[in-house]
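Peer 1: Provided herewith is a single structure, encoded as structure tokens, for subsequent inquiry.
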Amino acid sequence: MTVQHVISPAEVPGHLVKPGAEPIVKATAIEKHFDDHHVLRGCSMTVFPGETVTILGRSGSGKSTFLRCLNFLEEPTAGVVDIAGVVVEAQPLRRRDRAGQARIRQLRLHAGMVFQEFNLFPHLSVIGNLVEAPIHVKGMNKRDATERAEINLVKVGLIEKRDEYPSRLSGGQRQRVAIARALTMEPDVLLFDEPTSALDPSLVGEVLKVMESLAHEGRTMIIVTHEMAFAREAADRVYFMDEGLFAEIGPPEQVISNPQDERTRTFLSRFLQGSSA
Amino acid sequence: MSLAMDTSNENLVADIARAQERRSRSWRTKFLVTWAVIVVALVAFILVTVNVDSVFLQKWIPFILAGIPVTLFLAVTSIFFATILAALGALGRLSRNPYLNGIASFYVSFFRGTPLLLQILFIFLALPQAGIVLPAVPTAIVALSLNYGSYMTEVFRSGIEAVPHGQTEAAESLGMTSRTTFRRIVAPQAFRIVTPAVGNDFVAMIKDSSLASVVGVQEILWRAQTAGRPTFQSMQTLLVAAFIYWVLTIIFSLFQGRLEKRMATGDRTQRRAQ
């Protein structure tokens, strides 16, 4: 049984999207239980090509879990994910068969992910990190993969670190390499899981700058973040999550500057007080 | 620290450095003297208690030394097979498949739970009753491989588990199959983690290969016993054997130390000079 995906009025395409465009991401009624803890209680999201969407909310509200359900690093308890036409339903009870696993890999090819902890491969150089998957997943030859990787290293401003090992890079540089690694697979959507939360405050800016330039380039991005200013500047739409539900969805000027929902207001006021704004 | 240090301060720094140097030199001297005293005492004890027969030793030392290649052959061959067994065992122990996991955990439990000496004797003396007859050298290799393989299985398993889960997630989020993830991402990192332990096991294997003497493999200990027993001169021959093992383990420990250093720098620094 499939649930019909409904686009809510708050999810009307942002200003970058051509009228009549088809969504690239449709997540429908995603639920997730951890033992008896109901983390996600039916979250749906629609993202159109070229949109930058941020997910805000308190720690523990389920933001990261939702993001990880989108590429099935976390198996949802219920729901359907459709990314670029690859549709995968939650299958919490049985292990997936070969075909099912292949479909998830197919879906992941359309959705690159950037992690809070970077997760660069420490035994590979920067360029090695970037070409590993294009060569061993897509079967590209080394020269083409390297060429493509170098373009992305230039994009994140780290071409001079090409042959360096990750351990010799700063946190901000590592995260930029991780972004370039995701880009080199040429996904349709980029998923960011709190990309700046593990960074020294002085290094946050360089990563956000790269993400901003990607947003301007028209990349489709879904970003879980605590960077309120970034969300306000770069996002086309903001999803505010509270206790496993999207409590408020809308353009940042509405959700952040003029929240309608009581929970959003409480969160923002506490957040703004905390950050001395 | 302030940039402008006055001269008295500089003198102080130099004095501290000199004092530290003096202290560490005196420590090293005491350390070396301790070794020297022990060695001299041992040599004196031997000279006093036994009549060192240089003709006897001249005759038999080459015979004992000829055991070195045998010992090394046993150790190298067995560590090779033990590594293969351990790799398979670790995959089994980490497998979701209950049969494979069951086989692997039984293997580890049984071969870690029984003495190596018993295993050697069992293969040599008991298996012939079941119609399986192995010569002495294969017996020793099989027993050492199985026994060390069981220990190393757990080492390999923990090495694989020590690779952070985020590595697997990153690889899978890039679309890698679990097989590719293991082969390209997890295994190379686990390999670095377990290398020191495998080196340790190799050094231990050199010594444990002496157990093969009980089934007549003509390695170092067997030769020492054979040479010393008829004329009750085991003190000399066993000391020679002990000395040989000692030197071998020192050599391989040094070698291992260097290897470890190389492995450690592999992922931390650039290999080419800056």
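Peer 1: Please state which one of A:GLN254, A:GLN273 is more than 17 Å from A:ILE55 (Cβ to Cβ), assigned to a helix (DSSP H, G or I), of a type in the set (S, T, N, Q) and at pLDDT below 90.
Peer 2: Going through A:GLN254, A:GLN273 in turn, the sole match is A:GLN273.
Peer 1: Now a separate question. If you take the residues of the stretch B:210-264 that are open to solvent by less than 70 Å² (accessible area, probe 1.4 Å) and within 14 Å of another protein chain (Cβ to nearest Cβ), which of them is modelled with the highest pLDDT?
Peer 2: Per the stated criteria, the residue is B:MET263.
Peer 1: If a residue must be of a type in the set (A, V, I, L, M) and within 10 Å of chain B (Cβ to nearest Cβ), how many such residues does the stretch A:131-147 contain?
Peer 2: Here the count works out to 3.
Peer 1: Which ones in the stretch B:110-147 are in contact with a Phe, Trp or Tyr (Cβ under 7 Å, 6 or more places away or on another chain) and open to solvent by 60 Å² or more (accessible area, probe 1.4 Å)?
Peer 2: B:ARG112, the sole residue that qualifies.
Peer 1: If we keep just the residues of the stretch A:208-221 that are assigned to a helix (DSSP H, G or I) and not acidic (Asp, Glu), which is surrounded by the most Cβ atoms within 10 Å (Cβ to Cβ)?
Peer 2: The extreme case among them is A:MET211.
Peer 1: OK, next. Return the only residue of B:GLY175, B:GLY166 being more than 23 Å from B:LEU146 (Cα to Cα), in a loop (DSSP other than H, G, I, E, B) and either more than 9 Å from every other protein chain (Cβ to nearest Cβ) or more than 31 Å from the chain's Cα centre (by Cα) (or both).
Peer 2: None of the other options fit; the residue is B:GLY175.
Peer 1: Go over the candidates A:GLU150, A:GLU117 one by one and state the one that is within 23 Å of A:SER170 (Cα to Cα), among the acidic types (Asp, Glu) and at the interface with chain B (Cβ under 8 Å from one of its Cβ atoms).
Peer 2: Numbers: A:GLU150 fails: at the interface with chain B (Cβ under 8 Å from one of its Cβ atoms).
Step by step, each of A:GLU150, A:GLU117 is checked, and only A:GLU117 is within 23 Å of A:SER170 (Cα to Cα), among the acidic types (Asp, Glu) and at the interface with chain B (Cβ under 8 Å from one of its Cβ atoms).
Each row is one residue, and each column tells you yes or no for (1) among the β-branched types (Val, Ile, Thr); (2) more than 21 Å from A:VAL47 (Cα to Cα); (3) open to solvent by 50 Å² or more (accessible area, probe 1.4 Å).
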{"residue": "A:ASP193", "(1), (2), (3)": "no, no, no"}
{"residue": "A:GLU206", "(1), (2), (3)": "no, yes, yes"}
{"residue": "A:ILE223", "(1), (2), (3)": "yes, no, no"}
{"residue": "A:ARG232", "(1), (2), (3)": "no, no, yes"}
{"residue": "A:TYR239", "(1), (2), (3)": "no, no, no"}
{"residue": "A:PRO251", "(1), (2), (3)": "no, no, no"}
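Peer 1: State all residues of the stretch B:189-208 that are among the charged types (D, E, K, R) and within 14 Å of B:THR153 (Cα to Cα); if no residue qualifies, say none.
Peer 2: B:ASP201
Peer 1: Would you mind telling me which numbered condition in (1) touching a helix residue (DSSP H, G or I) at 6+ places or on another chain (Cβ under 8 Å); (2) modelled with pLDDT of 90 or more; (3) open to solvent by 10 Å² or more (accessible area, probe 1.4 Å) A:PHE246 fails?
Peer 2: Condition not satisfied by A:PHE246: (1).
Listed here are the residues, each with its yes/no results for (1) in contact (Cβ under 8 Å) with a residue 24 or more places away in the chain; (2) not aliphatic (A, V, I, L, M).
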position	(1), (2)
B:ALA66	yes, no
B:VAL70	yes, no
B:ALA75	yes, no
B:ILE79	yes, no
B:ILE84	yes, no
B:ARG93	yes, yes
B:ALA126	no, no
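Peer 1: Would you confirm, using the coordinates I've provided, whether A:SER197 is open to solvent by 30 Å² or more (accessible area, probe 1.4 Å) and within 12 Å of chain B (Cβ to nearest Cβ)?
Peer 2: no
Peer 1: Of the residues B:VAL50, B:VAL40, which single one is open to solvent by 50 Å² or more (accessible area, probe 1.4 Å), farther than 30 Å from B:TYR151 by Cα and either in contact (Cβ under 8 Å) with a residue 12 or more places away in the chain or over 22 Å from the mean Cα position of the chain (by Cα) (or both)?
Peer 2: Going through B:VAL50, B:VAL40 in turn, the sole match is B:VAL40.
Peer 1: Also: Restricting attention to the stretch A:45-74, and to residues there that are over 21 Å from A:ARG103 (Cα atoms) and hydroxyl-bearing (Ser, Thr, Tyr), which single residue is modelled with the lowest pLDDT? Write out each step before concluding.
Peer 2: Taking the stretch A:45-74 and keeping what is over 21 Å from A:ARG103 (Cα atoms), we get A:48-64.
If we keep only those that are hydroxyl-bearing (Ser, Thr, Tyr) as well, we get A:52, A:54, A:59, A:61, A:64.
Working: A:THR52: 93, A:THR54: 95, A:SER59: 87, A:SER61: 90, A:SER64: 94.
This residue is A:SER59.
Peer 1: Out of (1) part of a helix (DSSP H, G or I); (2) within 30 Å of B:ARG229 (Cα to Cα); (3) not β-branched (Val, Ile, Thr), what's the single condition that is false for B:ALA187?
Peer 2: Condition not satisfied by B:ALA187: (2).
The values are calculated or read from the model by the stated rules, or taken from the named source; none is laboratory data. Not measured: the values here are computed from a predicted model. FYI the Cβ positions are ideal-geometry reconstructions off the backbone, even for glycines, and counts take in every protein chain you see. These area figures cover heavy atoms from the full protein model, side chains too; ligands, DNA and RNA do not enter into them. Shrake-Rupley method; radii C 1.70, N 1.55, O 1.52, S 1.80 Å.
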